[in-house]
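Below: the structure, in structure tokens.
The values are calculated or read from the model by the stated rules, or taken from the named source; none is laboratory data. None of these values were measured; they are calculated from a predicted model. So basically every Cβ, Gly included, is an ideal-geometry build from the backbone, and we count neighbours across all protein chains shown. These accessible areas exclude ligands, DNA and RNA; they are computed on the full protein's heavy atoms, side chains included. Shrake-Rupley method; radii C 1.70, N 1.55, O 1.52, S 1.80 Å.
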Amino acid sequence: MERSNLFLITGVIAAGLVVFFNFDTSNTQKSQVAEIEGELNIYNWSDYIAEDTIANFEAETGVRVTYDLYDSNEVLEAKMLAGSSGYDLVVPTADFLARGREAGAYQDMDLSKIPNASNQDPEIQDQANKMVGSASAGLVYMWGSTGIAYNEAMIAERLGDDAPTDSWSLILNPENAAKLEDCGIAILDAPTDVLPNVMTYLGYPGTSTDKAHFEAAGDALSAIRPYLRYINSSQSINDIANGDICAAIMWSGDAFQAAYRAEDAENGHVIDYYIPDEGTNLWFDVMAIPADAKNIDNAYKFVDYMMRADVAAENVNYVWYASGNKAAKPDIDPDILSHPGIYPTEKAKEKLFVTPVYDAKTDRIVTRVWNRFSAGN
Amino acid sequence: MTPFIRIQNISKKFGKLLAVDDVSFNLERGELFSLLGPSGCGKTTLLRMLAGFEKPSEGYIEIDGQNMANVDPADRPVNIMFQSYALFPHMSVSNNIAYGLKRASLPSDEIKARVEELLRLVHLSGMGARKPSTLSGGQRQRVALARALARRPKLLLLDEPLAALDKKLRSETQFELVNIQEQLGTTFIVVTHDQEEAMTLSTRIGVMDNGKLVQTATPNEIYEKPETRFVADFVGDISFLEATVIERTGKYWLMEAATPIYAIGSSTLTSGMKVSLAIRPEKITLTSQSTGHLNEFPVEIEDWAFYGAGTQYKVIGPDGIKLKVYQSHNQPSHANPRHLETGFVHFSPDATIILEG
Amino acid sequence: MHSLLQKFGRLLVIWLPLGWLGIFFMLPLVEMVNVSLSEARRAVPPYNPAFQIGKDGISFQPVVDNYLLIYEYWEDYLWPAVNSVRLAFFSTLYCLLFAYPMAWWIARSNKSLQHILLVLILMPFWTSSLLRMYALIGLLNPNGVINDFLIWAGITVTPIQMMQTDFSIYSGMILTYLPLMILPLYASLVRLDNSVLEAAADLGAKNWDIFRTIILPLSMPGVIAGCLLVFIPAVGEFVIPALLGGPEQLMLGKVIWTEFFRNRDWPVAAAIAIILIAIIILPIVYARYQDKESIS
Ligand SMILES: Nc1ncnc2c1ncn2[C@@H]1O[C@H](COP(=O)(O)OP(=O)(O)OP(=O)(O)O)[C@@H](O)[C@H]1O
Ligand SMILES: [Mg+2]
């Protein structure tokens, strides 16, 4: 009896340790090179860089890179706000960067140390700078939109040829949503990327911080809630590629990843993505240096490398997001450059907007509206 | 008239091991039967077959005219008292005793009365509310007994009921057990490997060896007339002499076992036959001088041990034959024989037991 | 010298576990209370600690605003809490129903097999729980393994919708928490003496009766321990319902998550967690403690 108890306890402790250590190690990739010119710790989104970029950088500079991955701004932000993250370079979305700077979590970037900064598209960088409130917060890596991804055949079958595949109403109009219920609708679990767009659909400015506007958007979402399969950010890429859902509010890059997967699987599903005519919010992911970074020089070296036209183009061709790099355009796959869902047309650009950085009170309103919607009351 | 309990040609195999081997015996109503035998001889297995926990590989069990072959343990008119008592640790003494009664769906006031009665029977009145863990070993044993008795079984099985008790408590409880058995008239089968316990308790004893029932008889018969060398040896102290039959002389047989010995034996013996002569230590008399009795020979005293009521000697006779001798201290005629280094022993031819083969 | 060493050893044996508990259990809890009484701000860290040891000595300036805010919007927290308790309750119940026969079977098999089975039970802990959830999605999807099989076997024509249902949520919960239920049940069931069961059968009890009157009461410590081990973490669970469930599953864990990550309001997140501990977990632990007292 004693022995089997002991066995049990050892087992439970062992299991506990395994669970404990499993948490964060899975995302870490370590690369090694022979001559070491110091280190660089990067924390970036998953699936957000060409496969050999890091290795090439290491070979060229001799810097040893530790490259960790996250898949939500919130996780990154929590690490930055807690302090002592140990990272030298991170890639927050502009509004998160703005808040982080306000909290003192980031340092200014000295652009004179980045010769290739001149490759940047000033139009894009200016919008991001406006949002962050500083011209030296960092350089835009990629930017994109929020729109609708859909399965062409399934939508045509249910809504006919005049399906509104140019409007938010494809999903936000309850009549349409009801018809699509059986093939599956999903919505991003990202209130700041969904609520402003619902507001534009309702005719309010997407940049509004008016409580009433948010609540109206919440009500509009609640109206289609009965027809939703789920509210989730990570699952819809796979599901729409497999034909398990047929329409989803998604980020542009995710949608193209899904389209690519469906094509690759040859499962007969054709996925497309559009920016609705009512307009949508733009987001910018910015390379920035945390306040307590230790290897600042190497961080500059890396940003400069990433800003090289050929490197930037390779990354775009791999991840299918629009680059902040103007000089890279000649090297970018024409299919990408000409896709209105990635590089919007001039006409569409008029309707694009940048949401303001919400203060704590607005954050709370947004969250409350969103939670009420997802809780169904 | 058919017997109350009939056990016929019962065998039990565990894989290749024959744990119980072709056992048959009958019991009358109200008997207190002891199963006696060395460890591992199959006593518990036999009991478990009677209680229904093991299915016999072969054979037939009948209780009060009813074939037990397809009767569940729960439905047999048999209860068992486990060696470990197996009391229900989460129930009070009263609830332990009432357990079987509740299964029988008796009215609750009847159960209450019966539990009180049983508590009185086993001298535990007033302890009904206690948990088993707060009782002494002897008290637990009595709770187990009361619980097994509660359903008024036709047959009560007790597997080494007294093994966990110290010697004094044990002999007290032995008498109590007999009292209760006589009071209730229930048929008991008691398993023990303590031969003294078997003697004290039983109306009859069955001796088991290696799965077989080798002899079934009253305690007295088992002691005085063992049928095999195993039984003789297992029950009580005994000495063996290897002897050769010479001839019949009147009432006795003359034998040669280093010294001539007269013994009582059946008429099936023939001259020249090799036999074992067995004799109990207390049947032998040790003297310092020769007394001229029949079956007397000189011995050397090798060793002795004092037992209070008597003294046990180990002596060596002619040709190295070894005997155990027990001298009760109520015989002052042999003053201090234990100081002797040599002496004489003699015993009556009627005290000998002849075991063939 | 020798006895001094022994004395030291004894002190170590007593204080090491206490120190462990203090450092890894009590301190974080105390820190959480501290955060819940602090004021949120945009800084690193994103709150102004109520209790502080700094250059100007020790200061303690608690604010109760975080608790007041929860009180003011109690409806926003109550329904997720109800969802969470319902999820935890049924998860615990299903785990118990599945685990009991398994634990019984393991406890009744022979010793060497028991050890193998226990290792197998613990095996899932060697892969991350998220991976296991994705494996489950792969099984339950409309074009997942199970539906493929059902269609191939001609049992159904169109795929059965198993994902985003209660079925998928509870499958995930059971998959994750079952070992925590099996182990304590097993520990209490192996202890069960076979002769006690035979005694019950001998006294006229049939199978169900034996289970109800003997096995269940004697395994109750295991049942309670298992239920606590499942219920307490299940109340805070939200990843599994988010991955496997439909839109209707807003869990308290998710609410705490949104307070923490979306509102960046660490103090309110901490306050909800403290209230959760006070309302749900403390009473359970207290009742358990009372129970123990009354038995011994
Ligand atoms: N379930 C079982 N499986 C296999 N062998 C068994 C089983 N039960 C008993 N045996 C074997 O059968 C033989 C008889 O066992 P049993 O328990 O009946 O002996 P016993 O006479 O009661 O011994 P003791 O006096 O030590 O209690 C032993 O060799 C034992 O190892
Ligand atoms: Mg036995």
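Only bridges whose two residues both fall in chain B count here: according to DSSP, what percent of them are antiparallel, nearest 5? Can you show the working numbers first?
On the way: 61 of 79 bridges.
Counting DSSP beta bridges with both partners in chain B, the antiparallel share is about 75 percent.
Relative contact order (percent) for the stretch B:5-233, with alpha-carbon contacts under 8 angstrom and 6 or more residues of separation?
Working: 421 pairs, mean separation 67.1, N = 229.
The value is 29 percent.
For the stretch A:178-200, list residues with backbone N below 12 Å from a point placed 7 Å from the Cα of C:Y134 toward its Cβ?
none
Find how much the distance from B:R29 to B:T244 grows on full extension, using 0.36 nm per residue of separation minus their present alpha carbon separation; answer in nm with one decimal.
73.0 nm
At what distance in nm do the modelled label points of C:L97 and B:Q289 sit from each other, each positioned 7 Å from its Cα along Cα→Cβ?
Once both label points are built, they end up 9.6 nm from each other.
I'd like the GluC sites (Glu not before Pro) in the stretch A:308-377 restricted to DSSP loop residues with at most 16 other Cβ atoms within 10 Å, sorted by number. Don't skip to the end; give the middle numbers.
Values: sites: A:E314, A:E346, A:E350; in loops: A:E350.
Passing sites in the stretch A:308-377 are A:E350.
Excluding same-chain residues fewer than 8 positions from A:K211, which lysines have a Cα within less than 17 Å of its Cα?
List returned: A:K361.
What total accessible area, in Å², is buried where chains C and B meet, using a 1.4 Å probe and rounding to the nearest 100?
Result for this pair: about 1600 Å² buried.
I'd like the Karplus ³J(HN,Hα) series for the stretch C:24-41: coefficients 6.51, -1.76, 1.60, θ = phi - 60°, whole numbers in Hz, and an x wherever there's a Gly or Pro.
With the stated coefficients, the stretch C:24-41 comes to 9, 10, 6, 4, x, 5, 4, 4, 5, 4, 4, 4, 5, 9, 9, 9, 6, 7 Hz.
For a quick protection proxy, order the peptides C:213-224, B:60-71 by their average other-Cβ count within 10 Å, most packed first.
C:213-224, B:60-71
Figure the gain on full extension for A:D210 and A:D182 (residue separation times 0.36 nm, minus the Cα-Cα span) and round it to one decimal in nm.
Full extension from A:D210 to A:D182 adds 6.6 nm.
In peptide C:257-263, how many Cβ atoms from other protein chains are near each Cβ within 10 Å, on average? List each step's numbers first, then the result.
Values: counts 1, 10, 3, 2, 7, 12, 8.
The shielding value for this peptide is 6.
Using only alpha carbon pairs under 8 Å that are at least six residues apart, calculate the relative contact order of chain A and give it in whole percent.
Details: 662 pairs, mean separation 91.0, N = 377.
Relative contact order comes out at 24 percent.
With charges only on Cβ, +1 for K and R and -1 for D and E, what is the dipole size of the stretch A:258-362 about its Cα centre, in debye, rounded to 20?
Computed about the Cα centre, the dipole is about 420 debye.
For the stretch A:99-126 and the stretch C:152-219, write down the distance between their C-alpha centroids in whole Å.
If you average the Cα positions of each part, the centres end up 60 Å apart.
Just list whichever of B:K55/C:K111; B:K16/B:K322; A:K130/C:K254; A:K130/C:K55; B:K12/C:K206; B:K43/B:K102 have alpha carbons separated by over 28 Å in the model shown. Could the numbers behind the result be given before it?
Numbers: B:K55/C:K111 24 Å; B:K16/B:K322 39 Å; A:K130/C:K254 32 Å; A:K130/C:K55 38 Å; B:K12/C:K206 25 Å; B:K43/B:K102 30 Å.
Long pairs (Cα-Cα over 28 Å): B:K16/B:K322; A:K130/C:K254; A:K130/C:K55; B:K43/B:K102.
Using the alpha-carbon centroid of each, what span in Å lies between the stretch C:1-77 and the stretch B:14-57?
Taking the Cα centre of the stretch B:14-57 as reference, the centre of the stretch C:1-77 is 67 Å away.
Under 18 Å Cα-Cα from B:K13, which aspartates and glutamates qualify once same-chain neighbours fewer than 8 residues away are excluded?
B:D21, B:D22, B:E54, B:E58, B:D209
Shape call for chain C from the C-alpha gyration tensor, a ≥ b ≥ c root eigenvalues: rounded (a/c under 1.5), prolate (a/b greater than b/c) or oblate?
Here chain C falls in the oblate category.
Using a 1.4 Å probe, what is the accessible area per residue for the protein assembly as shown, in Å²?
That works out to 47 Å² for each residue.
Just to verify a number: FRET efficiency for C:V145 and C:Q52, C-beta to C-beta distance, R0 = 45 Å, to 0.05?
That pair, C:V145 with C:Q52, gives E of 0.20.
At 7 Å along Cα-to-Cβ for each site, give me the label-to-label distance between B:R229 and C:F8 in nm.
The modelled label-to-label distance comes out at 6.7 nm.
When we measure straight from the Cα of A:K326, which aspartates and glutamates land under 18 angstrom away, once same-chain ones fewer than 8 places off are left out?
Hits, sequence-local ones excluded: A:D121, A:E123, A:D126, A:D285, A:D304, A:D310, A:E314, A:D335, A:E346.
Check which residues have an amide H placed less than 5 Å from B:D209's amide H, if you skip close sequence neighbours.
The list, which skips near neighbours in sequence, is B:V214.
Whole-Hz ³J(HN,Hα) for each residue in the stretch C:273-288, computed from phi via Karplus 6.51 cos²θ - 1.76 cosθ + 1.60 with θ = phi - 60°, x for glycine and proline: what do you get?
With coefficients 6.51, -1.76 and 1.60, one gets 4, 5, 5, 4, 4, 5, 7, 9, 8, 4, x, 5, 5, 5, 4, 4 Hz.
Once the Cα atoms of chain B are picked out, what are the Rg and Dmax in Å?
Computed over the Cα atoms of chain B, radius of gyration and Dmax are 24.7, 76 Å.
Of the listed peptides A:141-153, C:50-62, what is their order by residue-averaged count of other C-beta atoms within 10 Å, with the highest listed first?
Numbers: A:141-153: 23.8, C:50-62: 10.9.
With the highest mean Cβ count within 10 Å placed first, the list reads A:141-153, C:50-62.
Carbon and sulfur together cover what percent of the accessible area of the stretch B:208-327 at a 1.4 Å probe radius?
That share works out to 51 percent.
Please give the FRET efficiency for B:E182 paired with B:K274, using the beta carbon to beta carbon distance and R0 = 41 Å, rounded to the nearest 0.05.
Once rounded, the FRET efficiency stands at 0.35.
If you check each cysteine of the protein assembly as shown for another cysteine whose beta-carbon is under 4.7 Å away, which ones come up empty?
B:C41, C:C95, C:C227
Using the beta-carbon distance between C:L21 and C:Q290 and R0 = 30 Å, what value does 1/(1 + (r/R0)^6) give for FRET efficiency, to the nearest 0.05?
My answer for the efficiency is 0.90.
Starting from the Cα of C:Q61, step 7 Å along the direction of its Cβ; do the same at B:F175; then give the gap between the two resulting points in nm.
8.8 nm
Output the 0 to 90 degree angle, nearest 10, between the alpha-carbon long axis of helix B:93-103 and the longest principal axis computed from the alpha carbons of chain B.
The angle comes out near 70 degrees.
Count, for each residue of C:121-129, the Cβ atoms from other chains sitting within 10 Å of its Cβ, then give me the mean as a whole number. Present the calculation step by step, with values, prior to reporting the outcome.
On the way: counts 2, 7, 1, 2, 9, 5, 2, 6, 3.
The mean count of partner-chain Cβ atoms within 10 Å per residue comes to 4.
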